[in-house]
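Data block below; observations after.
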Amino acid sequence: MMLNSESKKSFTLVIEVAEVQRPVALDFSNLGLPDELAEALMRAMVAHLGHTSVSTRKQAFRAIKVFGSFLRSHGLDKDVPLPANTILLLREWIQKKKTPLTARVMMNTLIGLLSWLERNIPSVLHPKMTFVVPRIKVVKNHVAERRHLGDEAIQAILKACHAEIVQTEKRLTQGHKLAFGQCEPEEQDLADLIASLLQIGGGRLASFSEVLAIGSPLRKWVEIYGGLRHIASLLYLSPRTLLPFYVALLIQTSGNPESILQIHADCIRPHPLRSDLERVIWRKNRSRSEQKVDHPIGRIWSAASIVRRLSSLNERLRKDSPKHLRDRLFICVAARNVRTLSSCHLHQMLPDFIGQHQLVDFDFRDFRRDGALDHHREGASIEAARIRLNHISSTTTATYTPLADRAEYHDSVIRRFQGELVRRSEGGSAGVEESERAEEVRGGESETVFGFQCKDPLAGIAPNSRKGSLCVQFARCASCPGAIIPLDDPKIVGKLLAAAEALESARSRSLEEGWWPRFDAMYESTRTVLANELLPAVDPVVRVKAGQFKAHHFIPWLE
């Protein structure tokens, strides 16, 4: 951070946040406050919030501007020190102007800044200023609760996005043909007009003032063809035309809205293991980690396809973009300049999009929760949701799709396997229907590669498996809800010991021979569960007896 102030006559306080891309200037001279107070607030920002992110500091500056409006409305913007009851008056005023949640956040920010002033620049505050004020209550209805939109609503939103994207592609294709003179005879006048406007603007579409300077004939032709805004829509992407691309990509990735907004144009990568998949990657700055999502190659509305379609439309803008925007995916033309979208602008355009297509009311953050819930449900495990959201811990994922959401399903699984254990202990057998299904899989319960017993490998229990087809996770049963693992049976434990040794050996070979990514993707989760959860829980006596069975279980050579 850097502090700047101009000459004494035109006292200007500017705070510059040095970023890799470009600095963000926050001008404190336009707050309408006494110079001493404006400078003090600027120094409080640097000292109190200098370590925080740019978005946090910009949010704090918005709170300071609201504070300036409050002081002007109460006639307190002329002199310092501020009166002792300033914060009490601010609380009463801000509750009337802002929603409860916004008011609370701004109050917390301003009280923190004013407290710093009390300690470090006390001359701008009354020595008996009151800082202890009742906290603003946030009624539950005002809290933006995460909700599940549901498949029907999501499909309707996607349909609206796809329709607008196709319409934008057609319009820009037509406009680019006109700009290059590739037109039908009846379009020649419009093509000539576009060529003239581009020539006047020096390669960009001429501005309204430039059209007026040329004279009334040109202005008349511009009006005939719908005005400069309509003509510009034939050549450039606008913030509004980017919105459906953004929403569709959010749905396909379940990413954080801010992170997806900053995604790069070269975000598509080949899958490291599978030739039928491709990967879209982006960076989540808050966790400083790379996020990813995989989709089958060739799907016209997958995340990768949406990226390609948008990149082909705004590729021409990149050469005219500021250096810090050239690698960004979401760039467009606004006020004749190449810009990227802002979160604030997106929220301003969203009601129009929802109303135009008569969609259910939604927010950009809803899609992340929906993605978590859907993968939790379809994968029958919170692990599937964790992978979808790129979380390190399932504890974080549980804030989006709590285990309570699947309580009924989990209870039914527990009851089913409790009954299975009782039948085994009593020497009983499964029901007639289950036995018939088991017969389809080579005469009963199936043993997997690593010695686990699966009740029904055709049940479609594991993530990405399909009912009626052999489980796609047949070599990774350690974390599957269909695995039956009696840890008091020496024969079973012997198989687990053999599997653990084979996996440890393969792990060492993968590190030496350079195929660790494949081992990590296919076998590491099983090795971890065996080493950290299952085998440590085996009674030592059972483990000794299991040793004699270990040599009889064959593990295929892993590579």
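Quick notes
- Packing-based order for 273-280, 248-255, 538-545, using average beta carbon neighbours within 10 Å, highest first: 248-255, 273-280, 538-545
- The protection proxy used here, the mean number of other Cβ atoms lying within 10 Å of each residue, ranks peptides 289-299, 215-225 as follows, highest first: 289-299, 215-225.
- Residues whose amide H comes within less than 5 Å of that of Gln291, counting only those at least five positions distant or on another chain, are Trp282, Arg283, Lys284 (H built at 1.01 Å from N in the peptide plane).
- Region 232-301: equivalent-ellipsoid semi-axes (sqrt of 5 x gyration tensor eigenvalues, Cα, Å): 23, 17, 10
- Under the Debye formula (equal points on every Cα, no solvent term), log10 I(q)/I(0) of region 179-226 at q = 0.18, 0.21, 0.26 Å⁻¹: -0.52, -0.69, -0.99
- Peptide packing for 42-53, 382-393 was compared via the average number of neighbouring C-beta atoms within 10 Å per residue; ordered from the highest value, the list is 382-393, 42-53.
- Note on Glu290 and Ala84: with the Förster distance fixed at 45 Å, the Cβ-Cβ geometry gives a FRET efficiency of about 0.30.
- Accessible-area value, Val133, 1.4 Å probe, nucleic acids and ligands omitted, Å²: 30 Å²
- Cross-link partners of Lys467 among lysines (Cα-Cα below 24 Å; sequence separation of 8 or more within a chain): Lys455
- Phe208/Arg316 FRET efficiency (R0 22 Å; Cβ-Cβ; nearest 0.05): 0.45
- Exposure check, 1.4 Å probe, all protein chains in place: Glu210 carries approximately 60 Å² of accessible surface.
- Using only alpha carbons, region 95-187 has a radius of gyration to Kirkwood radius ratio (Rg to Rh) of 1.39.
- Ranked from largest to smallest solvent-accessible area, with a 1.4 Å probe on the protein heavy atoms, Lys550, Lys467 come out as Lys467, Lys550.
- Computed on the Cα trace of region 236-377, the radius of gyration divided by the Kirkwood hydrodynamic radius gives Rg/Rh = 0.96.
- Fully extending the segment from Gln182 to His51 would add 41.7 nm, taking 0.36 nm per residue of separation and subtracting the current Cα-Cα distance.
- Part-to-part distance (alpha-carbon centres) for region 284-305 and region 219-250, which is given in Å: 27 Å
- Modelled FRET efficiency - R0 60 Å, Ile200 with Val132, Cβ distances, 0.05 increments: 0.45
- Region 318-386 shape via C-alpha gyration tensor axes, a/c threshold 1.5: oblate
- Extension gain for Ile392-Thr528 works out to 47.4 nm (0.36 nm per residue, less the C-alpha to C-alpha distance).
The values are calculated or read from the model by the stated rules, or taken from the named source; none is laboratory data. All of these numbers come straight from a predicted model, not from anything done at the bench. Here Cβ is always computed from backbone atoms with ideal geometry, including for glycine, and neighbour counts include all displayed protein chains. What goes into the accessible areas is simple: the full protein's heavy atoms, side chains included, and nothing from ligands, DNA or RNA. Shrake-Rupley method; radii C 1.70, N 1.55, O 1.52, S 1.80 Å.
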